[in-house]
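J.: Once you've had a glance at the structure underneath, I'll fire off some questions.
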Amino acid sequence: MEENFEKLIELALKAREKSYSPYSHFKVGAALLAEDGSVYSGCNIENASYAPTNCAERTAFFKAVSEGKREFKAIAIVGGMAGETSLSYCAPCGVCRQVMIEFCDPERFQVVLAGNVKDYQVYTLKELLPMGFGPDNLNETGKE
Ligand code: THU
């Protein structure tokens, strides 16, 4: 799994290059590892009207779910201001954490916050979203 994270971080860094962020100039990339080994990447996509902005993590999730994937192992996230040479960790926003809990087991899903391929920290979704409200609260399986 450890070496997977390096590959996953590389893909997140590559996705970050596609970031459309002319307003904040904060560029984010994510790479989402599905249970079957496939990877879906995403970047943040901003909008002149601001509110429709989509985070990198949600772009990756929505791409994956729209392709039929429902089970996931991990997501790598990288973010920072355009032009920054070294990246600090970019933690997912609350809305993205809520999207994660819709599809992921909070005890098992791993969130990899990275500065580069050698510098990262791994959290479970539960650590980032304790006592979250998810499909189980509605007695749904999330697999309808
Ligand atoms: N952003 C993400 O894409 N993911 C995060 O985890 C934090 C924030 C984006 C949204 C917006 O385009 C920019 O970063 C500044 O908030």
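The values are calculated or read from the model by the stated rules, or taken from the named source; none is laboratory data. Source: prediction; values computed, not measured. Using ideal geometry, Cβ is built from the backbone for each residue, glycine included, and neighbour counts are taken over all protein chains shown.
J.: Are any of the residues in region 95-103 away from the ligand (no atom under 15 Å from the Cβ), touching a residue at least 60 places away in the same chain (Cβ under 8 Å) and acidic (Asp, Glu)?
T.: Within region 95-103, none of the residues are away from the ligand (no atom under 15 Å from the Cβ), touching a residue at least 60 places away in the same chain (Cβ under 8 Å) and acidic (Asp, Glu).
J.: Residue pairs, Cβ under 7 Å, 6 or more apart or interchain, first in region 41-56 and within 16 Å of LYS14 (Cβ to Cβ), second assigned to a loop (DSSP other than H, G, I, E, B) and not polar (S, T, N, Q). List them.
T.: CYS43/LYS18; ASN44/CYS55
J.: Now for a different question. For the subset of region 83-105 comprising residues that are in contact with a strand residue (DSSP E or B) (Cβ under 9 Å, 6 or more places away or on another chain) and within 24 Å of PRO52 (Cβ to Cβ), which member is surrounded by the fewest Cβ atoms within 10 Å (Cβ to Cβ)?
T.: Filtering first and then ranking leaves ALA91.
J.: Next question. Out of all the residues in region 106-144, which are crowded, with 16+ Cβ neighbours inside 10 Å, touching a Gly at 6+ places or on another chain (Cβ under 9 Å) and either β-branched (Val, Ile, Thr) or without any contact (Cβ under 8 Å) to a residue 12 or more places away in the chain (or both)?
T.: Passing the criteria: none in range.
J.: Quick one: which strands (runs of 3 or more DSSP E) lie wholly within region 17-102 and hold at least 3 residues that are at pLDDT below 95, farther than 22 Å from GLN121 by Cα and under 11 Å from the mean Cα position of the chain (by Cα)?
T.: Output list is empty.
J.: Against the definition (more than 11 Å from the ligand (Cβ to nearest atom) and small (Gly, Ala, Ser)), how does ALA91 come out, yes or no?
T.: Answer is no for this residue.
J.: I've got another one for you. When region 18-33 is examined, which residues are found to be touching a residue at least 24 places away in the same chain (Cβ under 8 Å) and surrounded by fewer than 18 Cβ atoms within 10 Å (Cβ to Cβ)?
T.: Those that are touching a residue at least 24 places away in the same chain (Cβ under 8 Å) and surrounded by fewer than 18 Cβ atoms within 10 Å (Cβ to Cβ): LYS18, TYR20, PRO22, TYR23, HIS25, PHE26.
J.: Identify the residue in region 34-82 that is within 15 Å of the ligand (Cβ to nearest atom) and of a type in the set (D, E, K, R) and, among all such residues, is surrounded by the most Cβ atoms within 10 Å (Cβ to Cβ).
T.: GLU57
J.: On the basis of being of a type in the set (A, V, I, L, M, F, W, C), in contact with a Leu (Cβ under 6 Å, 6 or more places away or on another chain) and part of a strand (DSSP E or B), does VAL122 make the cut?
T.: It is false that VAL122 is of a type in the set (A, V, I, L, M, F, W, C), in contact with a Leu (Cβ under 6 Å, 6 or more places away or on another chain) and part of a strand (DSSP E or B).
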